[in-house]
Amino acid sequence: MESRACAKYQRVSPRKTRLVAENVRGMQVEAALNVLRLTPNKPAGILLNVMHSALSNASQLAGVDVDAMVVKEVLVNEGPTWKRFMPRAQGRATKITKRTSHITVILAEGQE
């Protein structure tokens, strides 16, 4: 049995989020939650919220043991990019790209 949760348009870079997601992929859910709680990055807090949402979705399913769930997959896709300009010296302007992410967490029952 699988459970999934998505968070779209999150204001965090996909590249930074993938680095944090690699740490929890394939782990038991309780261990993954502990790792995310102790990781001091912004993507860790967002992933923690998405994982809690996936756990809530799993608890709604009949006959699912929430304690035996494993992080099957963490997908981090790129969302739309906000384009801004910052004034620089001598009347110039440079482009600033503010990236967004679409984060999907898939939990499954079973062993690692």
Legend entry - Number of the condition not met by residue 61 [criteria: (1) at pLDDT below 95; (2) hydrophobic (A, V, I, L, M, F, W, C); (3) under 19 Å from residue 11 (Cβ atoms)]: (3)
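Residue-wise test of (1) in contact with a helix residue (DSSP H, G or I) (Cβ under 8 Å, 6 or more places away or on another chain); (2) modelled with pLDDT of 95 or more; (3) of a type in the set (A, V, I, L, M, F, W, C).
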residue: 14; (1), (2), (3): no, yes, no
residue: 32; (1), (2), (3): yes, yes, yes
residue: 68; (1), (2), (3): no, no, yes
residue: 78; (1), (2), (3): yes, yes, no
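Among the strands (runs of 3 or more DSSP E) lying completely within the chain, list those that include at least 3 residues that are touching a residue at least 60 places away in the same chain (Cβ under 8 Å). It would help to see each step written out before you state the result.
Details: elements: 2-10, 69-78, 82-87, 93-98, 101-109.
The qualifying strands (runs of 3 or more DSSP E) are 2-10, 69-78, 101-109.
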Inset, instruction - State the number of residues belonging to region 68-101 that are of a type in the set (D, E, K, R) and exposed (fewer than 10 other Cβ atoms within 10 Å of the Cβ). - result: 4
Legend entry - Residue under evaluation residue 55, criteria (1) farther than 25 Å from residue 109 by Cα; (2) touching a helix residue (DSSP H, G or I) at 6+ places or on another chain (Cβ under 8 Å); (3) hydrophobic (A, V, I, L, M, F, W, C), criterion not met: (1)
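The values are calculated or read from the model by the stated rules, or taken from the named source; none is laboratory data. Please read all numbers here as calculations on a predicted model, not as lab measurements. In this analysis, Cβ positions are derived from the backbone assuming ideal geometry, glycine residues included, and neighbour counts consider all displayed protein chains.
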